[in-house]
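To start, I am sharing the structure in question, which I have written as structure tokens.
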Amino acid sequence: MAANKALKLKFTYLHQLFTSTVLQQYYPNGYVLYKVSLKAGKYWFLKYDGQWKVFGDFKLGKSLKELIITNIEQAVQQQQKTTAPS
């Protein structure tokens, strides 16, 4: 069974503001799946052993894909800081 968390993404790409709530799912086998909904469609970013695979409704350009991955990683780090015990 996957454990779920929600992340908030907010970033600008080509002068356009993107916001999305990302569903983060952890699986026992080490996979982490991020479901991202954008105006252009729905995308699934799968991370396993430090590698990313992207699936979705339409092909994303390399720079947009990298920007979304960077923002996901930053949101995860921020979430870990706010939920870490003091």
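The values are calculated or read from the model by the stated rules, or taken from the named source; none is laboratory data. None of the values given here were measured: they were computed from a predicted structure. With ideal geometry, Cβ positions are generated from the backbone for all residues, glycine too; neighbour counts draw on all protein chains shown. These accessible areas exclude ligands, DNA and RNA; they are computed on the full protein's heavy atoms, side chains included. Shrake-Rupley method; radii C 1.70, N 1.55, O 1.52, S 1.80 Å.
Condition check ((1) of a type in the set (A, V, I, L, M, F, W, C); (2) more than 21 Å from Gln16 (Cβ to Cβ)) across all residues:
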{"site": "Gly41", "(1), (2)": "no, no"}
{"site": "Gly50", "(1), (2)": "no, yes"}
{"site": "Phe55", "(1), (2)": "yes, yes"}
{"site": "Phe58", "(1), (2)": "yes, no"}
{"site": "Leu64", "(1), (2)": "yes, no"}
{"site": "Thr70", "(1), (2)": "no, no"}
{"site": "Gln74", "(1), (2)": "no, no"}
{"site": "Gln80", "(1), (2)": "no, yes"}
{"site": "Thr83", "(1), (2)": "no, yes"}
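Additional query: Would you please list the contacts, defined by Cβ atoms under 6 Å and residues six or more apart or on different chains, that run from a residue in region 40-60 that is on the phi > 0 side of the Ramachandran plot to a residue that is among the β-branched types (Val, Ile, Thr) and open to solvent by 50 Å² or more (accessible area, probe 1.4 Å)?
Taking only residues 6 or more apart or on different chains, not a single pair turns up.
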